[in-house]
1. Can you tell me how many residues in the range 11-51 are within 9 Å of the chain's Cα centre (by Cα) and open to solvent by less than 60 Å² (accessible area, probe 1.4 Å)?
2. Can you pull out every residue in the range 53-68 that is surrounded by 13 or more Cβ atoms within 10 Å (Cβ to Cβ) and among the charged types (D, E, K, R)?
3. Of everything in the range 72-89, what is open to solvent by 50 Å² or more (accessible area, probe 1.4 Å), part of a loop (DSSP other than H, G, I, E, B) and either closer than 12 Å to Met6 by Cα or near the ligand (Cβ under 9 Å from one of its atoms) (or both)? Give them in sequence order.
4. For Met6, which of the numbered conditions (1) in contact (Cβ under 8 Å) with a residue 60 or more places away in the chain; (2) over 16 Å from the mean Cα position of the chain (by Cα) fails to hold?
5. For residues in the range 57-71 being assigned to a loop (DSSP other than H, G, I, E, B) and out of contact with any Lys or Arg (no Cβ under 9 Å at 6 or more places or on another chain), which is modelled with the highest pLDDT?
Amino acid sequence: MVKRTMRFLKNVRKISLICLYLSVPINLVSIFIPTISMKVIMIALGESMLIAFIILTFLFWKCPYCGKRLPIEIEKIVENNKELYICPNCSKKITQ
Ligand SMILES: [Zn+2]
C-alpha cells in the first residue's frame with residue numbers, strides 16, 4: 001500500500017500537469033481557428049484538460065499521512081538515490 005503511494009502520487013502529478021500544460025496551448029490555438037465549430041471543440045478540449053487538472057490535484061494530490069492537500073511546488077529531496085517528497089504540513093517523508 002505505502003509502497004504504491006509514491007508512484008501513484010507521481011503519476012497523478014504527472015498526468016495532472018500534462019493536462020494543465022496542454023490546456024493552455026489548446027486554448028491559445030483555438031483563438032486563431034476561424035471555423036466556429038472547430039473553435040468550440042478546441043475550447044471544450046482545453047477546458048476539460050484544465051478541469052481534469054483541477055480534479056486530479058484536488059482529489060489525489062494529498063499527503064498519505066495527514067491527508068492534507070500538497071502544494072504545487074513541493075520540497076523534494078534525494079536520499080539513497082530515491083526521490084522523496086516532504087509534506088509541508090506534517091513534515092513526514094513520502095517514501096516509496
Ligand atoms: Zn502530511
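The values are calculated or read from the model by the stated rules, or taken from the named source; none is laboratory data. Note that the coordinates shown come from a computational prediction; the quantities given were computed from them, not determined experimentally. Here Cβ is always computed from backbone atoms with ideal geometry, including for glycine, and neighbour counts include all displayed protein chains. Only protein heavy atoms, including side chains, enter the accessible area calculation; ligands, DNA and RNA are left aside. Shrake-Rupley method; radii C 1.70, N 1.55, O 1.52, S 1.80 Å.
1. Taking the range 11-51 as the starting set, the residues that turn out to be within 9 Å of the chain's Cα centre (by Cα) are 11-20.
In the following step, the residues that additionally are open to solvent by less than 60 Å² (accessible area, probe 1.4 Å) were identified as 12-13, 16-17, 19-20.
Count: 6.
2. Result: Lys62, single match.
3. Those that are open to solvent by 50 Å² or more (accessible area, probe 1.4 Å), part of a loop (DSSP other than H, G, I, E, B) and either closer than 12 Å to Met6 by Cα or near the ligand (Cβ under 9 Å from one of its atoms) (or both): Pro88, Asn89.
4. The one condition Met6 does not meet is (2).
5. Gly67
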